[in-house]
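What follows is one structure encoded as structure tokens, with my remarks underneath.
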Amino acid sequence: MALAPSSSSSTSSVSLHHLTTLIPLKLDDENFLLWKQQVLATVDGLLLSSFLDGTNVPTRCLSAADGTLSPNLIFISYKQQDNLLVACFLASMTTPILTQMVGLTSAAQIWHTLNTYFSSHARAQIKKLKLLLKNPKKDRSISAYVWISDAWWMRWL
């Protein structure tokens, strides 16, 4: 997901980035940590981390001394950049993951949803492994359980 800076309106203090390439790795149920590392490296490199946590969202409108409201150009630029991140995120997902993003409209919403989903998925796998180790079957050796554990963890590396 390379984003290249472009010139933006001189009235806006937010620089707008345009997508030039997408993340080559498609997010699926087994490669979240790899995908996340690529996304974070790019987002951090472009100083766009605030889009992931939803901090520093500018106000939509500005009010003048006479009480009239006018569009905030900084918000418009922010919204454009956020939409580009959303498009990039969505384009880098497999269909099963993508269907879970329906209705989400900001990079922060998508980021939060993905982290919640994959955290709960990992916790469920850990509980399953603990249960298997608590109740070993007599016909399995400990090496079989170690292999099951290693095979599961390798998917997350």
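Readers should treat all values here as calculations from the given coordinates under stated rules, not as data from a laboratory. Since the structure is predicted, the reported quantities are computational estimates derived from the model, not experimental observations. Counting neighbours? That spans all protein chains shown, and the Cβs are built from the backbone with ideal geometry, glycine included.
How big is the gap, in Å, between the Cα center of segment 99-114 and the Cα center of segment 28-71?
13
For Thr55 and Gln125, what does the FRET efficiency come to when R0 = 41 Å and r is the distance between their Cβ atoms, rounded to the nearest 0.05?
Efficiency, rounded to the nearest 0.05: 0.85.
Count the net charge of all other residues whose Cβ sits under 14 Å from the Cβ of Leu73, scoring Lys and Arg as +1 and Asp and Glu as -1.
+2
For the pair Asn83/Leu62, report the inter-label distance in nm, with labels modelled 7 Å from Cα in the Cβ direction.
A separation of 2.1 nm, rounded to one decimal place.
Kindly identify segment 61-114 as rounded, prolate or oblate by the Cα gyration tensor criterion: order the square roots of the eigenvalues as a ≥ b ≥ c, call it rounded if a/c is under 1.5, otherwise compare a/b with b/c, prolate if a/b is larger, else oblate.
prolate
Starting from 0.36 nm per residue, how many nanometres of slack lie between Tyr117 and Leu33 once their C-alpha separation is accounted for?
The span from Tyr117 to Leu33 would gain 29.0 nm if fully extended.
Could you give the length gained on full extension between Gln109 and Leu132, defined as 0.36 nm per residue of separation minus the Cα-Cα distance, in nm?
Result: 4.8 nm gained on full extension.
Given a Förster radius of 35 Å and the C-beta distance between Leu40 and Ile76 as r, what FRET efficiency does 1/(1 + (r/R0)^6) yield to the nearest 0.05?
0.85
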